[in-house]
Amino acid sequence: MDASVKGEISKAEWAVRVDLAALYRLVALKGWDDMLDTHISGRIQGPEHHFLINPYGMMFEEITASSLIRIDAAGNKLSSSEYEVNQAGFTIHSAVHMARSDANFVVHLHTSDGIAVSCLEDGLLPINQTALSVYSELTYHDYEGIALDLGERERLIKDLGESNAMLLRNHGTLACGPNAGGVWQKIYRLETACEIQIKAQSTGGTISPIPQNVLDQRRAGSSTESLKRRGEFVWPAMLRKLNRIDPGYRA
């Protein structure tokens with residue numbers, strides 16, 4: 001296990017590290033990880049535009065606050081680590097962090113259901129209550145191959161706009177948020193909506209539509225401020241759960 005870096009960094013950075021490590025462990029507990037691939041990142045406040053991301057080679061269930069790697073906007077490692085940073089992860093996450101000052105945490109996943117919905121021409125459908133919580137703000141980014149071309153960053157952030165939820169076509173899901181609880185709620189709802197849709201469609205039955213007047217009432221997406229408040233409410237409960245069953249993330 002890596003030695004703790006708590007005494008070597010600011011309290012603010014340590015707090016981001018703990019929350020980010022918790023997000024990795026929660027994703028692993030949900031079975032949403034993809035072996036060593038996909039990424040979650042957290043911004044370190046300050047003019048340098050630094051952020052934290054996973055060591056490429058560690059399972060999500062292994063990640064601790066101390067093992068996370070600090071990088072700059074150019075992808076340079078600023079932490080001492082035997083691991084490297086996944087270049088595709090840097091491309092996607094640096095784009096969002098650089099363009100969106102409110103996006104302090106970014107989650108990108110490759111779940112089976114999320115990828116399945118991203119492959120559908122119609123994408124996510126407004127066919128259940130959970131889908132309605134993300135449908136009105138959901139954006140889409142067309143597949144361009146493995147995200148190694150830094151030129152894709154401009155197109156990705158243009159497609160994301162001010163949204164906090166996105167489907168990467170033929171690829172997976174993405175969510176961002178002002179705090180750890182906010183991004184967790186957004187990715188949880190997006191992934192759950194995808195899972196429900198695939199299950200409903202797999203029955204072969206006729207899907208009951210939600211009345212149009214109800215859809216019209218839910219057109220407005222959640223604001224960053226409301227997502228922040230909801231995140232502050234949700235996150236302590238998630239940490240209590242994690243502390244009971246998998247407290248190693250705090251090391």
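None of the figures in this text is laboratory data; all of them are computed from the coordinates on show. Since this is a predicted model, take the numbers as computed values, not measurements. Backbone-built Cβ (ideal geometry, glycine too); neighbour counts: all protein chains shown.
Annotation: extensible slack from Ile207 through Glu61 equals 48.9 nm (criterion: 0.36 nm per residue apart, minus Cα-Cα distance).
How would you order 38-44, 168-174, 9-15 from highest to lowest mean count of nearby Cβ atoms within 10 Å?
38-44, 168-174, 9-15
With a sphere of radius 14 Å drawn around the Cβ of Arg25, what net charge do the other residues whose Cβ falls strictly inside it have (Lys, Arg +1; Asp, Glu -1)? Present the calculation step by step, with values, prior to reporting the outcome.
Working: positive: Arg17, Lys30, Arg240, Lys241, Arg244, Arg250; negative: Asp19, Asp33, Glu61, Glu62, Asp246.
Charge balance in the 14 Å sphere: +1.
Please say if the stretch 132-233 is rounded, prolate or oblate, where rounded means a/c under 1.5 for a ≥ b ≥ c the square roots of the C-alpha gyration tensor eigenvalues, and otherwise the choice is prolate for a/b larger than b/c and oblate otherwise? The shape class here is oblate. Here is the link list: Lys11/Lys228; Lys77/Lys158; Lys77/Lys186; Lys158/Lys186; Lys11/Lys158; Lys11/Lys77. Which ones come out longer than 23 Å on Cα distance? Result: Lys77/Lys158; Lys77/Lys186; Lys11/Lys158 exceed 23 Å.
Give the shape of the stretch 198-241 as rounded, prolate or oblate, defined through the alpha-carbon gyration tensor: a ≥ b ≥ c are the square roots of its eigenvalues, a/c under 1.5 means rounded, and otherwise the shape is prolate if a/b is larger than b/c and oblate if not. Because a/c hits 1.5 or more and a/b fails to exceed b/c, the stretch 198-241 counts as oblate. The packing ranking, built from the mean of other Cβ atoms within 10 Å per residue, places the peptides 126-136, 104-114, 76-86, 90-100 in the order 104-114, 90-100, 126-136, 76-86, highest first. Of the residues Ala65, Ala116, Gly181, the one whose Cα sits farthest toward the positive end of the charge dipole of the chain, with +1 on the Cβ of Lys and Arg and -1 on the Cβ of Asp and Glu, is Gly181. Working from Cα pairs under 8 Å separated by at least six residues, relative contact order for the stretch 102-251 is 32 percent. Here the contact order of the chain, divided by its residue count and restricted to Cα pairs under 8 Å and six or more residues apart, works out to 21 percent.
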